[in-house]
Amino acid sequence: MRYQDRHVVVTGGTRGIGRAISEAFLREGATVRATYRGDENAADQMHEDAGADAERLHLCKVDLCDPGAVVRFWAELADTPVSVLVNNAGIRRDGILAMMSEEDWSTVLETNLTGGFRMSKEAVKNMLGQRYGRIVFVTSPAGRVGFEGQGNYAASKAGQVGLARALCKEVAKRGITVNCVSPGFIETDLIADLPPELTKGYKSSVPMRRFGKPAEVASAVLYLASEEASYITGSTLEVTGGL
């Protein structure tokens, strides 16, 4: 129960990796606000599955592409000391760069990178008075190595790392750490639409010869969000099976 009486915010917290992170914090005693954009069914299912932990789970519909919605979300938490923000929300709109639309480029950057900027900006204001906080970005090796057809996604993930490294220097003296967890190929809906031959190729490129589980990513996030990780900031922890 490392997070008993702690308040945690997880964006994109009702599906895939985000759900695993939210549930891991719940099991450790935290009160969790899991944001989602529009999938009511996934949110309802998560609440139903939470069982006894449901009383500490708050499902919040927030569009990270709407600056006003983000400000209103944090305004409602003005009297709540948030200890942890996990910037997990992310989307893909794959396509080769020469054929990529302006909309697909902008939507991915707006959600993955600018959404994380907006949430972190408001989280820092909440955490400064406590002189304590943990901000974790869920990024991707795509930002480091790039993958064909994912120029927008790779740019957004590389941007998250750069943002985290800059922000960590601004808030370090206030007891706030900022880190990244970089999952490789994880068995979620995000990669479920990959063609079978591409999936096979990606799996063979992983030294462990398997894709990861959402719970394995959640464990890394929980560590970086813990008090034990108080001297770790500006770092990226890869959960990639050796990729």
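The values are calculated or read from the model by the stated rules, or taken from the named source; none is laboratory data. The model shown is predicted, which means the values in this text are computed figures rather than measured ones. Neighbour counts run over all protein chains shown; Cβ positions are idealised from the backbone, glycine included. Just so you know, the surface numbers come from the protein's heavy atoms only, side chains and all, with ligands and any DNA or RNA stripped out. Shrake-Rupley method; radii C 1.70, N 1.55, O 1.52, S 1.80 Å.
Taking residue 223 as meeting all but one of (1) open to solvent by less than 40 Å² (accessible area, probe 1.4 Å); (2) hydroxyl-bearing (Ser, Thr, Tyr); (3) under 17 Å from the mean Cα position of the chain (by Cα), write down the number of the exception.
So the condition that residue 223 fails would be (1).
Of all residues in region 207-220, which are open to solvent by less than 50 Å² (accessible area, probe 1.4 Å) and over 14 Å from the mean Cα position of the chain (by Cα)?
Matches in region 207-220: 211, 212.
Here's the yes/no breakdown for (1) touching a helix residue (DSSP H, G or I) at 6+ places or on another chain (Cβ under 6 Å); (2) open to solvent by 20 Å² or more (accessible area, probe 1.4 Å); (3) within 27 Å of residue 32 (Cβ to Cβ):
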position	(1), (2), (3)
121	no, yes, yes
132	no, yes, yes
136	yes, no, yes
146	yes, yes, no
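Tell me whether region 62-76 contains one or more residues that are farther than 16 Å from residue 118 by Cβ, surrounded by fewer than 23 Cβ atoms within 10 Å (Cβ to Cβ) and touching a residue at least 12 places away in the same chain (Cβ under 8 Å).
no
Looking at region 28-55 only, could you name the residues that are open to solvent by 50 Å² or more (accessible area, probe 1.4 Å) and within 21 Å of residue 80 (Cβ to Cβ)?
Those that are open to solvent by 50 Å² or more (accessible area, probe 1.4 Å) and within 21 Å of residue 80 (Cβ to Cβ): 47, 55.
Quick check on residue 92: is it more than 29 Å from residue 150 (Cα to Cα), among the charged types (D, E, K, R) and either exposed (fewer than 12 other Cβ atoms within 10 Å of the Cβ) or under 21 Å from the mean Cα position of the chain (by Cα) (or both)?
No, not satisfied.
Return the residues of region 154-185 that are open to solvent by less than 40 Å² (accessible area, probe 1.4 Å), free of Cβ contacts under 8 Å to residues at least 60 places away in the same chain, small (Gly, Ala, Ser) and in contact with a helix residue (DSSP H, G or I) (Cβ under 6 Å, 6 or more places away or on another chain); say none if nothing qualifies.
The answer is 154, 159.
Show the residue pairs that are 6+ apart or on different chains and have beta-carbon atoms under 6 Å apart, the first residue being within region 42-61 and small (Gly, Ala, Ser), the second being buried (at least 18 other Cβ atoms within 10 Å of the Cβ).
Pairs that qualify, where the first residue is small (Gly, Ala, Ser) and the partner is buried (at least 18 other Cβ atoms within 10 Å of the Cβ), are 42/14; 42/15; 43/14; 43/36; 43/59; 50/57.
Looking only at region 226-243, count every residue that is in contact with a strand residue (DSSP E or B) (Cβ under 7 Å, 6 or more places away or on another chain), on the phi > 0 side of the Ramachandran plot and surrounded by fewer than 18 Cβ atoms within 10 Å (Cβ to Cβ) and tell me the total.
So the count comes out to 1.
Quick check on this structure: which one of 107, 111 is open to solvent by 30 Å² or more (accessible area, probe 1.4 Å), β-branched (Val, Ile, Thr), at pLDDT 95 or above and under 21 Å from the mean Cα position of the chain (by Cα)?
107
Residue check, residue 13 against (1) in a strand (DSSP E or B); (2) open to solvent by less than 10 Å² (accessible area, probe 1.4 Å), all met but one. Which one?
(1)
Being in contact with a Phe, Trp or Tyr (Cβ under 8 Å, 6 or more places away or on another chain), among the acidic types (Asp, Glu) and within 27 Å of residue 179 (Cβ to Cβ) is true for just one of 23, 28. Which residue is that?
28
Does residue 32 meet the test of being β-branched (Val, Ile, Thr), touching a Ser or Thr at 6+ places or on another chain (Cβ under 7 Å) and over 20 Å from residue 107 (Cβ atoms)?
yes
Which members of region 115-153 meet the condition of being free of Cβ contacts under 8 Å to residues at least 40 places away in the same chain and either in contact with a strand residue (DSSP E or B) (Cβ under 6 Å, 6 or more places away or on another chain) or among the hydroxyl-bearing types (Ser, Thr, Tyr) (or both)?
Scanning region 115-153 gives a single hit, 142.
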